[in-house]
Structures are given as structure tokens and as C-alpha cells.
Amino acid sequence: MRYSLHLAIGCWSLALPLSAQINPPVAATVPWQDSIHGYVRNDEYHWLREKTNPEVIKYLKAENAHTDAVMRHTRQLQEKLYRQFRGRMRESDLSVPVKLDSFYYYDRTVKGQEYAVFCRKKGSLRAREEVLLDGNQLARGHAYYSVDGTFVSPDHTILAFLADTAGSSTYTIYFKDLARGSMVADSICRARYMAWANDNRTVIYETYDSTLRDDRVLRHVLGTPQADDRLVYREQDPEFSVSLQRTRSKRYLVVYSHSKTASEARIGSADAPDDSFRLLRPRAAGREDYLEHRGDSLYIITNEGAENFRLMAAPLADWSRPNWSEVIPARDSVLLEDVLVFRDHCVLQERAGGLLRLRVRSWDGAVDRQLRFGEPAYTVHAWRSGDYHSATLRYTYSSLVTPGSVHDHDLPSGADRVVKRYQVRGGYDTSRYVSERIYATAGDGTAVPISLVHRKGLVRDGRSPCLLEGYGAYGDSWDAGFSANRVSLLDRGFVYAIAHVRGGQENGRRWYEDGKLLRKKNSFGDFIACAERLVELGYASPATLAIAGGSAGGLLVGAVVNARPGLFRAALMDVPFVDLINTMLDPAIPLTTAEYEEWGDPRDRAQYEYMASYAPYENIGAQDYPAMLVTGGFNDANVPYWEPAKWVARLRRLKTDGNPLLLRTDLSSGHGGPSGRYGYLRDLAFQYAFLLDIMGITK
């Protein structure tokens, strides 16, 4: 099999015979076959899954070299964008300190350094700074390095942290003695998350199996071999995974076993970590339970008899189901997403009308207050860290036009104080931009929200470039938050829009249920309806409309460009999950079995045929496609690198246009891209330069 490529669109003219760079192995010429329900599939690019095959590495490097050659003329634009990004950020900055007992914990960044420095002060913010971890020192000698969690022991003498050196979301836990200032001769390999018991020497942690499914929770005692760690719980069902939580009261540890649609909880004492964990109640299909603790009661967020969830209370002395009582009832129009438990108050994180909101209640019923935000689209999140005994809620707020701010809200009185506004350097002026919320009508009559932002004075004549993004999976909602980097698009005349398609949870649990399994195509129809609405209202035209999505959002974009390629000028696909059928037919691939309840189980003929009818890779056609930049991460455990690689290879063979089709694989990172903050900005500048150049914007 030989590859040849000719790209021609304006300044994109380039002839490049890939066969001169790479001769695929013989396996590429032998169709890979798999039979299910009598169907036989041929995958001519299955050989790209051979990660240790030198020919695969050579192929990916050849694609990278080709992408660099095509993008060479945009280097000045990339550098300009990168300088703009850096010019807006406060490179030396300090996070808002979190008070835990007598210590204030925070992190800070230093100009020119890629990684954060983790610090604390004792007694007062005016006290001497103690550096706990310097991410820049830890990262030396590593192409990728990420600290993805820090956990201080209850007595504040030992710091545990999770480190990833590949971008594969698989961690080693290390320990630092804060009194001596030196690392402890102990570590835990193959970890995912952890929590301290209250004895300051026992760690409870998650680990995973060969498919990277979190399947076990174990106890580890500092100073003992990991081989001696004792099993707390093992999940045998391949469609379920485990996760770990410490209650805000610090009294209990909770082990969850959960699929996409069901969960059960086991509760253990943080004061007696050797004791067994007790089951709240056995799992049931479609039922989810999540716990918190206060005083003599457990508080349970459950969807039992409540599609949008409700809050129940159960006595610790006997938490059997007949003893539960309702605290917050179910509501058809309000999704209860989370409950933050304080000693005297609770804070409900809810979602209504497509927007997040925070509601404060006192346990005695004297206070019941909803926080109000005046913009049409925004995002707000309560901080889970902090003191359970406190009377202060800390939360973060931002919108498409308003930079982020951190607030302290007095729970008894409602007084609200801004403790930090994130600065956008370089003269950013909120008044120069407009945020809107509009709606598209899907084919079945459903109103689909669109959040958008643009410069004031926009003329809606269809000539403005527009970037429309979406996700629409797993019940993950895409909220309208601020991005200083996005200003580089807005100031060049772009409209930026978010399509809040079904499959997320913006409009409640039903919004999610209507965008998964045998209703997954609603996500694609919603996105197309949003694109058409932007064109209808003059925010864009097919000649100026670009779309973007990452991971499962990449599946959304892949399905949409197959269905309506002429509606878009360009597409950005970041680590896209496009090889749906092959992945779901292989239970050895990480995450596959847990995804049956999201996409479908191919062992069921109806589900297989439905997935096959929209799966991006299988549905590539001999037609014109928009210009595309597709990215992958070689160490990606969520969406393996071969998915974007195969997508591009088959597109290149079948598509009938001369538009650019570029693949860029980061050979040292995973799902999240580069680990350093400047590396991330370089990556984003590359993507923006591609988008701007396609739109004919060269400065």
C-alpha cells in the first residue's frame, strides 16, 4: 500500500509523496477481519495499532513532518499568537490560599517556569513560606511530568502526591516528610487516587487492571512493602469501576463501585482504617447513590424515584432503607448535581434552564437562598476543599466575557466578598464584548441552547468567521466559562459559540438520556441544528464556519462532518474518539467495557447496527470534506493514538477534495496534551494558526 498526498487551497499548495517516507509493513495489505452477527469488517489500517512496531513510529513521524511542512508559512502567526497568550497571563501568580486547620495551602507560578510550586504558611498569610513541592524540579529530565493530586496527612506532617511521567493517567504515589524536608523511602505504583486515614500512616488507594479499569481499593501502611498491602474491595464486574472519597467531616472513607448508570457505596471509618467497609445497600440497575456525612446522619444523593436526583438522610446507627427521610425532593425542572455539606449549612449545586446555580440552606431551615448571577451564560463552581466547620462558602465564577473570580460567601448572612479576580493583562475590556444565549430547533422540535460571544458592533451578514464547539457525552455539561486565549480569536472578528447538545446534562438528566445509546444521533442532529441556526441568523456562513471537539467531542465532530461536510469550512479534532466500532468490539482496550452503557454493547445486534450507522471511521465517504487538523497523544490511555491516525489515513484515501488534512501526534504526551503551561500555549497557538489561515486571516 502506498500513500500520496496533494493539498491545494490558496497558500496550502503542497505535493508530498508519503510513500517516500514510509513503507507500511506487510500486515497493512492483509485485511483485518472480525465477524459479529454475520457481519465482516475490513480494516485496512488496523496495523497502526502496533505501538511497538518501528514502522508505526516512522509513519507517525512522517505525518508530523508533513504537518510541520504544510504549516511552515504560519510560523510567524504562531509566534504572534503565543506572545499574545503569554501577554495576557499573569505569569507569576498566586492561587487563593485554602485554610486547613492552622495552615494555609496554595500554589504559585513563576515567570518562565512551566510548572507550579506548591507551598504553605502556618498560622498567618504573613508567616514564612514553606515550599512543599517544586514541579519544575520534579519535571527535570522528563518530556512529560504532571502532579495530579496533593494530599497532606491529617496532622500535616506528610505530603503525598500523584505523579505521571507519560501522560497516560497512571500514577505513582510519592511521600514527603514535611518536618525533615526530604522524600520518604516509600511509594505506591499503579495508583489512580488516594485518601488518608486519620492515623496519619494508613493510605487507602485505587489501582487498576490490565485494561486500566480501576478495579481495586487497597490499604497501605507507610514504611511497609506495597506487596503487603491489603485488599479493601475488588470489583469483579467489568462494566463497573471503583472510586474513593473522603467525607468533608473527615470521619469516613467511601468506596464507590459504579457503572455509567448505577452505583453502590461502602463506608469505612477514617479513625479505624483496619475495620471492614460496610455496604450502604446492594446495587440495582439504573440506581445511583452518593454520600456525605454530618453529625449522626448520612446524606445520600440518589435517583431512586427521582430522575433529576433528590437528597435523603439516613441515621448512622441504622441506615437501612426504611429509615431514610427526604431532605430535598425531586424536581422535574431542576437537576441536583452535588451537595456540599457544612456543619450548619449545605450548599446545593443545581442545574436549571441550562445554567448552573448555587443554593444555600441551613439545616435548621432558617436560611434558604439562591445566589444570583446576572449574565445570560456563565459557569459557577463551589469549592469542595476547606473546613467542614466553616460558615463560608468559596466559589469560582466566570462567563464568556467576564474573567474568573473567587468569592467567599457568608452562609448565615449572604454577604459576598471577592477574594481574587484573575487578571487579563494587555488592556482587556469586558465592555467591548457581548455574550448571548440563543436557541436552535432540532429535527424533533427540541430547543437546543447556544452560548456565544463576539465583539460589540458585529454585523450579522454571514461574513464573520465563527468557531462552534460541542461535546455531548457522559452527562458532562459544557458551561460558558472565560478564556483569555480566546480573545485572540474574538479580536480578529470571530464569533465563538458552544452547542449545548443532548448527551450532556445542561437541561437535566433527560437531556443526557436522550443523547446516548439508541438516541445518540440526537447529539449530532442538535449540533447540525445549532450550526444551521448560526448561519440563518447571519453569525456565520458555510464558508466561515469552523467546528471543534475533543475526545468524545471529536466523535461528535467526526459524525457531523460525515453527515454534512458542506456546512463547514474547517474542523479541529483533538484526540478524537472516532474508531467507535473497533474499540467497542475489543474489551481489552482501556475503558471499553465501562462504555457499553454510554454507546452500546456490540454483542447486541440492534445496538451494533445503530452504532455502525453513525460511527465516524466506518462512515467516511467519497465526498468533499472541510479542512481538518487532527491531533493525538502517543501515550493516550483514553483515546489511543491510532484512532486519529486511522481516521486521517482513511479520509485521505477516500475524500474527494483538495482541502488540508493534517495529523499531529504528540509522541511524549497523552490525552491532555503537553504537561507544561507554556507547552500548552504553543500547542494552542498551532491550532489557532491553522484555523486563522484557513479563514484567510494572516495577522
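Just so you know, all these numbers are worked out from the coordinates, no wet-lab data involved. Note that the coordinates shown come from a computational prediction; the quantities given were computed from them, not determined experimentally. As a convention, Cβ positions derive from the backbone with ideal geometry for all residues, glycine included, and neighbour counts pool all protein chains shown.
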* Structure fact -> Compactness summary of the stretch 144-234: radius of gyration and Dmax from Cα atoms, Å, are 12.7, 39
* Structure fact -> Straight-line reach check, Lys80, cutoff 28 Å on alpha carbons, 8 or more apart in-chain or any other chain, hits among lysines -> Lys61, Lys111, Lys456, Lys699
* **Taking N as its residue count, the alpha carbon Rg of the stretch 510-598 over 2.2 N^0.38 Å** => 1.20
* Asked: Pairing the Cα long axis of helix 54-70 with the longest principal axis of the chain, what angle in degrees results, from 0 to 90 and rounded to the nearest 10?
  -> 70 degrees
* **Kirkwood Rh in Å, taken over the stretch 540-699 so that all alpha-carbon pairs contribute** => 16.2 Å
* Structure fact -> In whole percent, the Cα-Cα distances of the stretch 466-517 spread across 5 Å bins from 0 upward as 5, 21, 24, 17, 13, 11, 7, 2
* Using only the Cα atoms of the stretch 538-582, each taken as one equal point scatterer with no solvent, compute I(q) by the Debye sum, divide by I(0), and report log10 of the ratio at q = 0.13, 0.14 Å⁻¹. => -0.28, -0.32
* Computed FRET value (nearest 0.05) for Glu129 with Cys189, which takes r as the C-beta separation and R₀ as 25 Å -> 0.20
* Asked: Over the stretch 80-136, what is the mean sequence separation of C-alpha contacts under 8 Å (at least six apart), divided by residue count, expressed as relative contact order in percent?
  -> 24 percent
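Rounded to the nearest 0.05, what FRET efficiency is calculated for Arg564 and Arg90 with R0 set to 35 Å and r the Cβ-Cβ distance?
The calculated FRET efficiency here is 0.25.
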* Under 19 Å Cα-Cα from Lys121, which lysines qualify once same-chain neighbours fewer than 8 residues away are excluded? -> Lys99, Lys176, Lys420
* Asked: How far is helix 677-694 tilted, in degrees, relative to the longest principal axis of the Cα atoms in the chain, given as a value from 0 to 90 rounded to the nearest 10?
  -> 30 degrees
* To do: Evaluate the distance, in nm, between pseudo-label points positioned 7 Å from the Cα of Lys58 and of His381 along their respective Cα→Cβ axes.
  => 4.5 nm
* Asked: Binned at 5 Å from 0, what are the whole-percent values of the Cα-Cα distance distribution for the stretch 415-454, short to long?
  -> 6, 15, 14, 14, 13, 14, 9, 8, 6, 1
* Given 37 °C and 0.692 mPa s, how large is the Stokes-Einstein diffusion coefficient of the stretch 316-444 in µm²/s, with Rh as the Kirkwood radius over Cα pairs? -> 192 µm²/s
* Asked: Using 1/(1 + (r/R0)^6) with R0 = 25 angstrom and r between the beta carbons of Asp410 and Arg287, what's the FRET efficiency to the nearest 0.05?
  -> 0.10
* Structure fact -> Here P(r) for the stretch 328-367, Cα-Cα distances in 10 Å bins, as whole percents, is 29, 53, 17
* In a solvent-free Debye calculation with one equal scatterer on each Cα, what is log10 I(q)/I(0) for the stretch 189-287 at q = 0.13, 0.24 Å⁻¹, listed in the order of the q values? -> -0.43, -1.33
* Structure fact -> For the pair Ile697 and Leu585, the simple spin-label estimate (label points 7 Å beyond Cα toward Cβ) gives in nm 4.2 nm
* Principal axis dimensions, largest first and in whole angstrom, of the stretch 280-322 by Cα -> 28, 19, 15
* Structure fact -> Taking a straight Cα-to-Cα line shorter than 13 Å from Lys655, and setting aside same-chain aspartates and glutamates fewer than 8 residues away, one finds Asp624
* Hull surface divided by four, with the convex hull built on the Cα atoms of the stretch 392-460: how many nm²? -> 7.7 nm²
* **Over the stretch 491-543, equivalent-ellipsoid semi-axes from the Cα gyration tensor in Å** => 26, 12, 8
* Along the stretch 339-349, what does the Karplus equation 6.51 cos²θ - 1.76 cosθ + 1.60 (θ = phi - 60°) give for ³J(HN,Hα), rounded to whole Hz, x for Gly and Pro? -> 10, 9, 9, 10, 4, 10, 9, 9, 10, 9, 9
* Asked: Expressed as a whole percent, how much of the Cα-Cα distance distribution for the stretch 261-365 exceeds 24 Å?
  -> 25 percent
* Asked: Relative contact order, percent, of the stretch 214-327 when contacts are C-alpha pairs under 8 Å separated by at least 6 residues?
  -> 15 percent
* To do: Beyond 25 Å, what share of the Cα-Cα pairs of the stretch 386-502 is found? Please give it as a whole percent.
  => 39 percent
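From Cα pairs below 8 angstrom and at least 6 apart in sequence, can you work out the relative contact order of the chain, rounded to a whole percent?
Relative contact order here is 11 percent.
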* To do: Read phi for every residue in the stretch 112-123 and hand back ³J(HN,Hα) as whole Hz from Karplus 6.51 cos²θ - 1.76 cosθ + 1.60, θ = phi - 60°, with x for Gly and Pro.
  => x, 9, 6, 10, 6, 10, 9, 9, 7, 9, 9, x
* By how many nm would the segment from His73 to Arg653 lengthen if fully extended, with 0.36 nm per residue of separation less the alpha-carbon distance? -> 206.2 nm
* Asked: Taking Rh as the Kirkwood radius, which is the inverse of the mean 1/r over Cα pairs, what is the Rg/Rh value for the stretch 177-217?
  -> 1.07
* Hydrodynamic radius by Kirkwood, which averages 1/r over all alpha carbon pairs of the chain, in angstrom -> 27.0 Å
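List Phe524, Phe161 from most exposed to least, where exposure is judged by having the fewest other Cβ atoms within 10 Å. Working shown, then result.
Working: Phe524 25, Phe161 22.
Result, fewest neighbours first: Phe161, Phe524.
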* Likely footprinting exposure, Trp383, Trp599, fewest C-beta neighbours within 10 Å first -> Trp383, Trp599
* Asked: Using θ = phi - 60° and the Karplus form 6.51 cos²θ - 1.76 cosθ + 1.60, what ³J(HN,Hα) does each residue of the stretch 446-451 get, whole Hz, x for Gly and Pro?
  -> 6, 7, 10, x, 10, 9
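Test of understanding: ordering Glu536, Glu350 by Cβ neighbours within 10 Å, fewest first, what list do you get?
Fewest-to-most ranking of Glu536, Glu350: Glu536, Glu350.
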* To do: Compute the long axis of helix 605-614 from its Cα atoms, compare it with the longest principal axis of the Cα atoms of the chain, and write down the angle in degrees, 0 to 90, nearest 10.
  => 60 degrees
* **For the stretch 124-184, alpha-carbon Rg relative to the globular expectation (2.2 N^0.38 Å, N residues)** => 1.22
